[in-house]
Every structure is written in structure tokens, then in C-alpha cells.
Amino acid sequence: MNFINTQDESDNQNITATILKNLPKESGLTKIEYEGPFISLYTINPKFLMETSKILTNMVSLIKKRIVIRTDESIRKSHKETLSIINRHYDSKNIDSIFFDDSLGEITIYINNLNKLINGEAQIVDLVVETGWKIKIRKSSQVMSSIQFINNTLKEATDYRIAFYKKVGENIFRAKLNNIYEASLIALGGCGEIGRSCFLLVTNESKILLDCGINLQENRALHKFPRMDITGFNPEEIDGIVLSHAHMDHTGFLPYLFKYGYRGPVYCTEPTLPLMTMLFLDYHKNHGLYSDQDIKNVIIHTIPLNLGDVTDIAPDIKLVFYNSGHVLGSSSIHMHIGNGDHNIVYTGDLKFGKTYLLDNASWNFPRVETLMIEGTFGIKDSPHKREESDPLLIESINKTIRSGGKVLIPVPIIGIAQELIYTLNQNQDTGKLDFADIYIDNTILEGCTIYEMYKDYLSYNLKNSDTNYLFKYHNIKPIPSKSKINKPSIILAPSSMFLGGTSLKVLKQISNNPTNKILFLSYQSQGTIGKEIQLGTKEIVINGKKVEIKCEIDSIHGFSNHSDYNQTLAYVSRLKPKLKRVLVIHGEKNKVQNLAVSINKILNIQSQYLLVPEATKLL
């Protein structure tokens, strides 16, 4: 124990000495703190460090750690003074709200119209100097309920979060216990199935969970939740949880984990936090099972990270998020174990193909030995080609609208819903798609506004456009809660597989009329009502009552935000240098099995598919 403490002190002193040696006096450095996965430099002269970023870049390359700049508490103006200064710089009519994060010394200003901002970066630097607070600008949205819930939660927990960040930092930057590197991966869910994705990465130093989802179509606990029972550890032993994206089959168990005692960090991209919070609140409202406080605990312990930033999350693990192209903020997780001993990429849900809202999945990793990749579409079926599927979509909807019918498209709350609304808007503008009102669920609307709020995570073309609103809201109406929709229209409603929610309610309203249509664009799992209808079942049972399906049924495959078989093989073949091992996960057993065999035969890479529970030795 004494040896470890001495080594800790030595390492800390080396980092501190390097920082002090390379920072000029003009930096105004007042203290150096370990805060979560960051080394925070507090300064009374933030302008100098903001305008001479090369100094920090050089320092990061020297110490190989993430550095963030924080303003010293002594220069921060009061909330009242700061609000007055902000109102002098910005038109108050263009400001929707302002959030003070006292634990980090940061302010987020929510602006209605970002196009009205002039000299944005220079203006922010001036604001930081005048107020003594770091400044972030975000677009305001029509629906801010999840954002407000997050901000109120963070505000209530200011003192706790300060202590929490320090505790996490001490754990991450402690000395390594030994220099022997071993790593194993234990599948707790999401293998040979879709749902409850969860994997435990175990090294000699740490235990990291990759995703933490639930199986929404299961009611039996043994099949609904990750198999935490097989590992023999309790939640307090986990050093961190890393999330690939916000969907419930990858995040839905998190509130339960906090309910039962986990109090460690959760790492995800910035948009993933509000998106998963929205989904948690919606699930809690409809299903109960966990409380508002459990959701708040997730928020308090979440540390958002940017794409592409190398970040220490344990003494022997570095993490980098790369765009996976699936939904807003979705990422492939690259982990560097030990001193270059092993590199593993967990793709999460992956889209290696064309969409309008998001760029193609990133594939240019510096090194990968083990790849964990989804096999949702692991067999050769209908290819996902948007250039073919878009005309089919327009033709299918026009046919129903012109006959006076309604088109119900069951969709996930985030992902396909936003891609589809954008596509419908564009085609109505060009006249290819007949005009009809687009009715959507309120949660889908909130998802749309979060997409606009995090424009920097969108595709290259969209994030560099001067469009203030991504979606045309004058065409969009909320699905009425009590009355029926009586005119030709397009209706987007969750859940995508008719597991519950608004889509079931609308289904009962439209299913008896042959002029109406159910249009499937999303993947339908075996055993769901959606799959039954897609396969041609003419009578289903909802809450014990029989419902006849007389409306037309259509399916278009190209809109999936997962890669098809060919796209998946193309993605794997792109990775250089050649992989040592591919683990196929997330898919029905026959599909992951087929994909693993194909990777072996076609690409000559050792490949296997995992089942639950199963452990794999990595090194």
C-alpha cells in the first residue's frame, strides 16, 4: 500500500511539474485538479489560454491526458451580474433560457435563432473575460422538458457533483496495481438476440460495462434484463459504464443499476444524455418500475464526452468515441487497454450507408485487434439502398393519400423518426410527395428538437448549413390524445414493433379500413405484434381484445439505421491493419451465426458469435 501511494504521488508530481514547466506566467494558473477523466487547469486569465490553444495541444501530447480549462472561482461574477452582461451582448428576445452549472463553472445559453449571432467565437471569448464563466451556446428548442429536467437535476446536486468528479479522478489517475495485462469480455445480454445489450470488460485493474440495456419485448426478468447474476460482482465494483447510444435496448437498465447501488461514472456523447433521459422519462410514465430519483442519479453521474477525444476512464483503459451513424450521438467505442497491449472496438448499432441526417460510420481507427460488431442484418436479404427506397416510400404514401387513406408508420422515438420526417419534408417541398399533414407523437417531436440542438453532430452538409430549423414544423401536428384523425395523413408513432405506446392506439383506429395502410420501415423482431402483422396475420390480440387487420400492409427495407449484410462486410474489410478477431453480437441467432461464418470465409478473419452468458479471453 505504501508503494502504491508513493507511486501515485510521483506520477501526480510528474504531471504537475510538466504542466507548470510548459505554462507561461501569463496563463494565470491558480490550481490543478483531477476531475473525473480530466485534468482541470484553473485560471484567472482564461482569454490567454483560449487564444493560445497550441500550448494546451502540446501539453496534452506531453502528459497524454485530457486537459480542460476552468475559470477560477475568484473571477466568476454573480449570477445576477452575469445575466446583465449577457443581455448586453445578446438580444434578450433571442435568449430562451440560461443554465448556470456551478460545479463546473460553466454557463449554457439557449438561443432561439443561431443565425442572428455575429462574431460568435470572438463574442464568447469576450463573455468569458467579462463574466469569469465558461460559455456554451446551444440552440433552443420548441420542447425543452428533458433539457430542463437535466438542468434542474444538475443544479440540485452541485455540491455532490464536485465531490463525485474528484472521487472519479482519484480512481482513474491512481497508480496501476501491476504491469501484467489480461482482459476478458463477458456477454451479459444482446447476443443471439436483440435487446438488453450489455458487456463486462474485465482487466487486472478495472471493470467496465459496455452498454446497459433492457429487452423491451420481454416480461420475464431472466430474459428482460442483463445477466448481472452470473458474474458474482456487485454494482460498486464497476469502475465505469460506457454507452454507445441512447436507445433503451442499450441504456434502459441504467436506472435499475443506480436503484441498486451503483454510484460510478457513465460516459456517453453529449446528445446521448438528453435523448436517453427523454426515453427514461417516457418509459417511467408508461411502465413505472423505477422512479424519477433513479433517473436523476443517472444524470448526476453522467460525464458527456466529445467524439474523437482520447480520455482515460481507468488506470489501464483509454476511451475514444467515433461516429457510428445510427442515431444522433451514437458512437463506436474504441478502447485502448494497457500500454498498447490490446485495442477493442465495440460498434454499438452501426450504419455504414447513406442517410440524410448523419454521416457514414467512422472506420479509420489507429489500431484494432478485436472488433465487436452487430449482426442485426447478418443474412443476405433486401439491401438498404436509399436511392431505391426513397421512390418506393413516396409511391406507397401517395397511393394511400390519393385514395383518401391514412398511413401509419410505427417508428422508434429517435433515429428513423427524424430521418423520415426530414425526408418527407424534402419531398413535399419538391412536389414529389403529395401534401398531407404529418402527425407525430410528442416524444418524437422532442427528439426532433434535440437533433436541432446538437447540430454539430449531424452530417457534414447539415452542420455547415445556415438552416436554423432542420424540420418544417408547420407541416407537423401532434397526434390527438382523444379524438381520431379523420383526414388523409401520415402518422408516425412509437413503438416501432407495436410493443406499446401510441402506435397501438392508432393501429386500433385505422386497422379496420382497407383504404388505410401500415407501412413498416423499422426492423421487426420475431414474436412481436409488428412481425405478426408484417407476415400477414389478419387478426391480432391487444390487451386481451381481438383486432382485425383489414388495412393494407407494406414494408420498405432501405430506411433501416442498421447496416445491411453487404454494408457490414464492407465496413469490416475497411479496417486496417487486419483484425485478429471479430465477435458478432446483437442479432437473432441464425443471423449472427451466418455473419460470423461469412467474415471467416470471405475476409479470412477469425470470427465467432457470442451467446448469453459467455466469456471471451482477449489477451
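Nothing in this text is a laboratory measurement; each read-out follows from the coordinates by a stated rule. Computed from a predicted structure; not experimentally measured. FYI the Cβ positions are ideal-geometry reconstructions off the backbone, even for glycines, and counts take in every protein chain you see.
Details
- Dimensions of segment 529-619 from C-alpha coordinates, computed as largest minus smallest value along each principal axis and given longest first, are 54, 30, 19 Å.
- Between the residues Tyr90, Gln217, Ile379, the greatest Cα displacement towards the positive end of the dipole of the chain, with unit charges on the Cβ of Lys, Arg, Asp and Glu, is found for Ile379.
- Based on DSSP H segments of at least four residues, each scored -39500 (n - 2.57), the chain has a per-residue ellipticity at 222 nm of -10500 deg cm²/dmol.
- Mean Cα-pair separation over length for segment 495-619, i.e. relative contact order, pairs under 8 Å, 6 or more apart, %: 19
- Selection from Pro265, Leu392, Pro315, by position along the positive dipole direction of the chain (Cβ): Leu392
- Spatially proximal lysines relative to Lys21 (Cα-Cα < 19 Å; intrachain offsets below 8 disregarded): Lys31, Lys54, Lys64, Lys65
- Couplings 3J(HN,Hα) of segment 27-41, computed from phi: 5, x, 5, 10, 6, 10, 10, 7, 10, x, x, 10, 9, 9, 9 Hz, in residue order, whole Hz [Karplus 6.51 cos²θ - 1.76 cosθ + 1.60, θ = phi - 60°; x for Gly and Pro].
- Size of charge dipole - segment 76-140 - debye, nearest 20, with Cβ of Lys, Arg +1 and Asp, Glu -1, no other charges: 120
- Here the gap between Leu603 and Ser74, fully extended at 0.36 nm per residue and compared with their Cα-Cα distance, gives a gain of 184.5 nm.
- Counting only residues at least eight positions apart within a chain, or on another chain, the aspartates and glutamates with an alpha carbon under 13 Å from that of Lys617 are Glu182, Glu369.
- By the Cα gyration tensor, the chain has an equivalent ellipsoid whose semi-axes, rounded to whole angstrom, run 41, 31, 22 from largest to smallest.
- Taking every C-alpha pair closer than 8 Å and separated by at least 6 residues, the mean separation divided by the residue count of segment 76-140 gives a relative contact order of 39 percent.
- For the chain, the relative contact order comes to 14 percent (Cα pairs under 8 Å, sequence separation of at least 6).
- Residues within the reach of a label modelled at Asp466 (point 7 angstrom out along Cα to beta-carbon, backbone nitrogen below 17 Å), restricted to segment 115-141, are 115-121.
- In order along segment 610-617, the phi-based Karplus estimate (6.51 cos²θ - 1.76 cosθ + 1.60, θ = phi - 60°) of 3J(HN,Hα) comes to 9, 10, 10, x, 7, 10, 10, 7 Hz; Gly and Pro are listed as x.
- Just so you know, the averaged projected area of the alpha carbon convex hull for segment 76-140 sits at 3.8 nm².
- Per-selection Kirkwood Rh - segment 386-555 (Cα, Å, 1 d.p.): 16.5
- Less than 5 angstrom separates the built amide H of Asp96 from those of Tyr110, Ile111, Asn112, all sequence-distant by 5 or more or on a different chain.
- Here's the picture: a label point sits 7 Å out from the Cα of His287 along the beta-carbon direction, and within segment 504-546 the residues with their amide nitrogen under 18 Å of it are 504-505, 523-531, 543.
- Centroid-to-centroid, using Cα positions, segment 478-514 and segment 238-293 are 28 Å apart.
- Listed residue pairs exceeding 20 Å between alpha carbons, taken from Lys406/Lys477; Lys380/Lys580; Lys399/Lys550; Lys477/Lys531; Lys80/Lys134: Lys380/Lys580; Lys477/Lys531
- Beta bridges by DSSP in segment 494-619, antiparallel share as percent, to the nearest 5: 35
- For the pair Asn339 and Asn306, the difference between a 0.36 nm per residue extended length and the Cα-Cα distance amounts to 9.6 nm.
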